[in-house]
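Novice: Before anything else, here's the structure in question.
The values are calculated or read from the model by the stated rules, or taken from the named source; none is laboratory data. Because the structure is a prediction, the values reported are computed rather than measured. Positions of Cβ are backbone-derived with ideal geometry, glycine not excepted, and every protein chain shown enters the neighbour counts.
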Amino acid sequence: MPAWQLRDYHDDDLDQAIQIWEQSRLTDEKPVFPLAEVMATAQAGQMAVVAVVGDELVGMAVAQAQGKRGWVLLVALASRWRERGIGSALLAELERRLRAQGVRRISALLPAGAAGTRALEHSGYQFRGDLTYYEKLEPRDATHAGVLSALGGRMLPEGLWGAMAGMEQEKQVVERRVVLPLTEPALADRFGVAPPKAVILFGPPGTGKTSFAKAVASRLGWPFVELFPSRLAADTNEGLAAALRSAFADLAELDSVVLFIDEVEEIAGARSGRAVDPGHGVTNELLKLIPGFREHDARLLTCATNSVRLLDAAFLRPGRFDYVIPIGPPDPTARAAIWSRYLGPAADSVDVTRLVAASELFTPADIEFAARKGAQAAFEREVTYRKGRAATTEDYMAAIADTRPTLTGQAIEEFTEDIEKYSRL
């Protein structure tokens, strides 16, 4: 078998280096230093040495100096070239270069049993079994924090999906159609299911459309950005169409994002057909931007509207939006769950059934308001009289009577008609 020799890593070694790294990994091994990080270190001119036989790359080692300490980031060997002393030779060359930079302590972190452990043992490295390794991962898109901040976006806390009380029917639809294909892309691809890129949520005001968009972003672990068209134009001192174009260009820099546009009918309303209509330019611009947004992975555009019938017909086409999902008022089961959530400890002593029956036209937001109003009344009574009485059913019934419901019979009737005409699941 021909002899091997050492040389510096070259950028055109990248493809072979990746192949060797794959051969060196155990099947379920999670590397301490991801390949992208190691390759970036090598390409940045840090210490990277390869072993070659002719034009074939058979081994590679990468290290990084940090003051008086050096870190071995990678020792990788081609499968058929192991146990030939190549790993020890690569380490010896790294050590020579590290010492030349004043390094006196050299450390290596490798998964148990990984390729390279034998070379370390043969090279005099001491195994430290008394150490515990800690790691903290920065949130996804941390490197794009400036872009995210400029757009008013943020990473939402985990658990928002589970915290949504009631609305089980709507949650099931969003879970199956939107969330699962995005969280299980490989499985979806096996079955020919294309992960959604854009959806519309429609329903009466206060039914939780914004909460659903935020919960999806929380579930996916993607940044959440909400665009306010009127604010865009005011902040940029340019026309709304140009402001939208600029915002979408900034969004393209993010690796992943849930983009939310509420009351989208303001910028995608049905066009009159007259060229002088000022809304034409904005709607046309948005229609042109959506296909470009859809070309990227890990992107989800979520638009919400209180009146889907006001949207332009071209905007609702299947090619632009994968699903048009109704988010309706809570049914009795959902209202009971929502009341129980906002009642807190009082739920055990209050007749929730009466509250559910009395709040038929209430949205989740209405229930939250009435629950807070009832609790406040009970609190103020206790502050005044100090009788040790908890909030009662009557406190909440009085709050319901004093709360104007968001929904009306006509709104429910129109929503039912819209489900038949516009929903696409």
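Novice: Just checking, does segment 386-399 include any residue being outside any loop (DSSP other than H, G, I, E, B) and under 39 Å from the mean Cα position of the chain (by Cα)? Walk me through how you get there before you give the answer.
Specialist: First pass over segment 386-399, keeping only residues outside any loop (DSSP other than H, G, I, E, B): 393-399.
Within this subset, residues satisfying the condition of being under 39 Å from the mean Cα position of the chain (by Cα) are 396, 399.
Yes.
Novice: Suppose we keep only residues that are modelled with pLDDT under 90 and of a type in the set (D, E, K, R) within segment 220-241. Which one would you say is farthest from Asn306 (Cα to Cα)?
Specialist: That would be Glu238.
Novice: Quick one: count up the residues across segment 51-66 that are within 15 Å of Leu91 (Cβ to Cβ) and part of a loop (DSSP other than H, G, I, E, B).
Specialist: Number of matching residues: 0.
Novice: Just one of (1) free of Cβ contacts under 8 Å to residues at least 60 places away in the same chain; (2) among the charged types (D, E, K, R); (3) assigned by TED's automatic domain parsing to the domain that holds Leu289 trips up Arg128, so point out which.
Specialist: Arg128 satisfies all of (1) free of Cβ contacts under 8 Å to residues at least 60 places away in the same chain; (2) among the charged types (D, E, K, R); (3) assigned by TED's automatic domain parsing to the domain that holds Leu289 except (3).
Novice: Now for a different question. Residues Ala40, Ala48: which one is of a type outside the set (D, E, K, R) and part of a helix (DSSP H, G or I)?
Specialist: Criteria check complete, one pass: Ala40.
Novice: Follow-up question, since we're still on this one. Spot the failing condition for Thr353; the list is (1) within 30 Å of Gly409 (Cα to Cα); (2) in a loop (DSSP other than H, G, I, E, B), and only one is missed.
Specialist: Result: Thr353 fails condition (2) only.
Novice: Now for a separate question. Based on what the data block shows, is Ala51 in contact with a Lys or Arg (Cβ under 9 Å, 6 or more places away or on another chain), touching a residue at least 40 places away in the same chain (Cβ under 8 Å), crowded, with 16+ Cβ neighbours inside 10 Å and under 24 Å from Arg128 (Cβ atoms)?
Specialist: Working: in contact with a Lys or Arg (Cβ under 9 Å, 6 or more places away or on another chain): yes; touching a residue at least 40 places away in the same chain (Cβ under 8 Å): yes; crowded, with 16+ Cβ neighbours inside 10 Å: yes; under 24 Å from Arg128 (Cβ atoms): no.
In short, no.
Novice: Could I ask something else about it? Can you name the number of the only condition in (1) assigned to a helix (DSSP H, G or I); (2) over 25 Å from Gln172 (Cβ atoms); (3) of a type in the set (A, V, I, L, M, F, W, C); (4) out of contact with any Gly (no Cβ under 7 Å at 6 or more places or on another chain) that Ala411 fails?
Specialist: Here Ala411 clears every test but (2).
Novice: Output the residues belonging to segment 290-335 that are surrounded by 19 or more Cβ atoms within 10 Å (Cβ to Cβ), closer than 30 Å to Ala375 by Cα and out of contact with any strand residue (DSSP E or B) (no Cβ under 6 Å at 6 or more places or on another chain).
Specialist: Listed by number, the residues that qualify are Gly328, Pro329, Pro330, Ala334, Arg335.
Novice: Another question about this same structure. Quick one: would you say Val32 is surrounded by fewer than 21 Cβ atoms within 10 Å (Cβ to Cβ), in contact (Cβ under 8 Å) with a residue 60 or more places away in the chain, β-branched (Val, Ile, Thr) and outside any helix (DSSP H, G or I)?
Specialist: Details: surrounded by fewer than 21 Cβ atoms within 10 Å (Cβ to Cβ): yes; in contact (Cβ under 8 Å) with a residue 60 or more places away in the chain: yes; β-branched (Val, Ile, Thr): yes; outside any helix (DSSP H, G or I): yes.
For Val32, the condition - surrounded by fewer than 21 Cβ atoms within 10 Å (Cβ to Cβ), in contact (Cβ under 8 Å) with a residue 60 or more places away in the chain, β-branched (Val, Ile, Thr) and outside any helix (DSSP H, G or I) - is met.
Novice: Got a sec? Which of Ala401, Ala390, Ala377 is closer than 12 Å to Leu343 by Cα and either surrounded by 15 or more Cβ atoms within 10 Å (Cβ to Cβ) or out of contact with any strand residue (DSSP E or B) (no Cβ under 8 Å at 6 or more places or on another chain) (or both)? Spell out the reasoning first.
Specialist: Details: Ala401 fails: closer than 12 Å to Leu343 by Cα; Ala377 fails: closer than 12 Å to Leu343 by Cα.
After ruling out the rest, the residue left standing is Ala390.
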